[in-house]
Structures are given as C-alpha cells and as structure tokens.
Amino acid sequence: MYESRTEEPLSRLRFLRRLSSHILVALALLALSLLIGMAGYMHFEHLPWRDAFLNAAMLLGGMGPVDAPKSDAGKLFAGCYALYAGLMFLIGVGVVLAPIVHRVLHKFHWQ
C-alpha cells in the first residue's frame with residue numbers, strides 16, 4: 001500500500017489524496033460507530049433517535065452519556081459501548097496519522 005524505502009516519496013498531490021482517503025475511512029468508522037451506538041440506545045434504553053444520537057455522540061467524543069442507563073441491559077450496553085468508543089478513537093487517530101508518520105519517516109530515511 002505504501003511505497004518502500006527504495007522508492008521515491010510520493011508527490012504532494014498524491015500524498016494529499018492518500019491522506020484524504022484515510023480521513024474518509026476514519027469518518028466512515030465514526031459514522032458506523034455512531035449508528036451502532038444509536039441502535040443500542042434505542043433498543044436497550046428505548047430512547048428516541050435524537051436522545052440515542054446524543055448519548056452515542058457524547059460517548060464517542062469522550063464526554064460520557066447524557067442519560068444514565070436505567071435497565072440492566074442498558075447498563076451493560078453503555079459500558080461495552082464506552083470501551084468500544086475509546087478503542088474507535090484510538091483506531092481513528094491511527095488511521096489518520098498513518099500516512100503522515102509514514103511520509104515523515106520515509107523522507108527522513110530517503111537518500
């Protein structure tokens with residue numbers, strides 16, 4: 001997927017295209033994660049979609065839920081989703097930073 005040590009670094013335009021594709025993948029992961037969270041809150045806590053969106057978005061953003069879960073199933077879902085949201089944050093940052101880190105390292109080692 002990336003160029004090897006023996007190849008010349010990508011041009012600025014091709015690098016920006018690569019970076020934008022990585023950003024799109026991270027946004028798709030974010031959207032999918034938001035939909036999973038909304039579905040879980042709607043199913044387990046019987047929240048309307050607006051409140052489910054708010055709770056899922058707040059967890060994905062690292063702020064925590066707005067409505068405290070009331071059912072046991074909702075509490076289990078919220079806990080698992082919070083762990084998932086933290087993992088998705090790290091994965092999203094890694095996906096976006098991967099081409100940047102690769103380019104810096106590649107330019108550093110390029111002769």
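The values are calculated or read from the model by the stated rules, or taken from the named source; none is laboratory data. Just so it is clear, the model here is predicted, and its values are computed rather than measured. Please note: Cβ atoms are built from the backbone with ideal geometry, for glycine as well, and neighbour counts cover all protein chains shown.
List of remarks:
- Residue check, residue 56 touching a Leu at 6+ places or on another chain (Cβ under 6 Å), at pLDDT 95 or above and surrounded by 11 or more Cβ atoms within 10 Å (Cβ to Cβ): yes
- Contacts under 7 angstrom Cβ, first residue in segment 89-111 being in contact (Cβ under 8 Å) with a residue 40 or more places away in the chain and among the small types (Gly, Ala, Ser), partner surrounded by 13 or more Cβ atoms within 10 Å (Cβ to Cβ) and in a helix (DSSP H, G or I), 6 or more apart: 92/26; 92/29; 92/30; 98/22
- In a residue-by-residue description of segment 34-41, the property of being surrounded by 17 or more Cβ atoms within 10 Å (Cβ to Cβ), at pLDDT 95 or above and under 12 Å from the mean Cα position of the chain (by Cα) applies to at least one position.
- Test set (1) in contact with a helix residue (DSSP H, G or I) (Cβ under 9 Å, 6 or more places away or on another chain); (2) loosely packed, with under 12 Cβ neighbours inside 10 Å; (3) within 19 Å of residue 93 (Cβ to Cβ); (4) not charged (D, E, K, R) - residue 48 fails condition number: (3)
- Taken over segment 38-51, the residue count meeting the criterion of being among the aromatic types (Phe, Trp, Tyr) and either more than 18 Å from residue 65 (Cα to Cα) or touching a residue at least 24 places away in the same chain (Cβ under 8 Å) (or both) is 2.
- Take the conditions (1) over 12 Å from the mean Cα position of the chain (by Cα); (2) of a type in the set (Gly, Ala, Ser); (3) loosely packed, with under 12 Cβ neighbours inside 10 Å; residue 73 misses just one of them, which is (3).
- Checking each residue in segment 6-37 for being free of Cβ contacts under 8 Å to residues at least 60 places away in the same chain and assigned to a loop (DSSP other than H, G, I, E, B) picks out 6, 7, 11.
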